[in-house]
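Single-structure report; data block below.
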Ligand code: PGA
């Protein structure tokens, strides 16, 4: 079966409202003919305060992009200073969220149980979730990458084993931490190998059909020079892109190159 690609831009703590508006307007100019592409999904994840500016500009420019949130609280409401809950995102028409990004795991100290709770809360709220995983340099050097990412899957999906239409709601992003923001992209063959290990683990947690349908993206120093090579690998179903997603020439070039891959395939 063919899995629909996802190209997602994680803007992290960048892009004020005015920058969001000018960035997306400029991007729309750079991809005029392909704006209404349907062969793959494009998402951007701005900071909370720029979400509505992104939604408005995307609509004004007739871009076929979705706008997601980089984070949300696993709690429903109450005394959680500084947090944003799922209902607040739903109220502003956000339907996509990131969960388990390594920066939240490492810097904001989100552990496996929080990630599991966020995944459940996201699904309960009807969100589509991109669930991130990936090993550190130390884990890689120890040779325990496969076990690490499989354990991350096991704990993230704990309690969700019987969910049937999970592939419509969850995509996974394999993002080796040592490759994030470093320019050290994971070799495409190795990225594909780890992703196939994750896919096997998904088959074990759920079943073979779910594993076959689950989109698994690669993230970590993806740019316009390596996107085609990465996307040509059979198990890689898209990319989660940080730095290159806030550079208009880079992000537009990535989108055009992925469009080109589809044009070649058809
Ligand atoms: P990068 O970030 O593309 O800048 O490496 C990826 C990510 O953190 O999702």
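The values are calculated or read from the model by the stated rules, or taken from the named source; none is laboratory data. Because the structure is predicted, anything quoted here is derived from the model rather than measured. Positions of Cβ are backbone-derived with ideal geometry, glycine not excepted, and every protein chain shown enters the neighbour counts.
Numerical summary
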item	result
Sole exception among (1) at pLDDT below 95; (2) assigned to a helix (DSSP H, G or I) for residue 146, by number	(1)
Region 244-266, residues that are within 16 Å of the ligand (Cβ to nearest atom) and surrounded by fewer than 20 Cβ atoms within 10 Å (Cβ to Cβ)	247, 248, 249, 250, 252, 253, 257
Only listed residue being touching a strand residue (DSSP E or B) at 6+ places or on another chain (Cβ under 7 Å) and modelled with pLDDT under 95, chosen from 45, 127, 40	40
Meets criteria (in contact with a helix residue (DSSP H, G or I) (Cβ under 9 Å, 6 or more places away or on another chain), closer than 23 Å to residue 31 by Cα and modelled with pLDDT under 95) for residue 243	no
Candidates 118, 109 - the one that is away from the ligand (no atom under 14 Å from the Cβ) and touching a strand residue (DSSP E or B) at 6+ places or on another chain (Cβ under 7 Å)	118
Residue among 158, 171 that is at pLDDT 95 or above, more than 17 Å from residue 227 (Cα to Cα) and surrounded by fewer than 17 Cβ atoms within 10 Å (Cβ to Cβ)	158
Residues located in region 77-90, provided they are without any contact (Cβ under 8 Å) to a residue 12 or more places away in the chain and exposed (fewer than 14 other Cβ atoms within 10 Å of the Cβ)	77, 78, 79, 80, 81, 82
Single match in 181, 238 (criterion: within 26 Å of residue 69 (Cβ to Cβ), within 15 Å of the ligand (Cβ to nearest atom) and surrounded by 20 or more Cβ atoms within 10 Å (Cβ to Cβ))	238
Subset of region 197-216 (residues that are closer than 16 Å to residue 162 by Cα and touching a residue at least 60 places away in the same chain (Cβ under 8 Å))	213, 214
Helices (runs of 4 or more DSSP H) completely within region 189-266 that count 2 or more residues being over 30 Å from residue 14 (Cα atoms)	208-213, 248-265
Subset of region 203-228 [out of contact with any strand residue (DSSP E or B) (no Cβ under 7 Å at 6 or more places or on another chain) and either closer than 29 Å to residue 47 by Cβ or within 15 Å of the ligand (Cβ to nearest atom) (or both)]	220, 221, 223, 224, 225, 226
Residue in region 127-137 that is closer than 25 Å to residue 69 by Cβ and surrounded by fewer than 20 Cβ atoms within 10 Å (Cβ to Cβ) present	yes
Selection count, region 153-188, where residues are part of a helix (DSSP H, G or I) and within 16 Å of the chain's Cα centre (by Cα)	8
Only one of 40, 48, 65, 5 that is closer than 13 Å to residue 96 by Cβ, under 17 Å from the mean Cα position of the chain (by Cα) and either surrounded by 15 or more Cβ atoms within 10 Å (Cβ to Cβ) or touching a residue at least 40 places away in the same chain (Cβ under 8 Å) (or both)	65
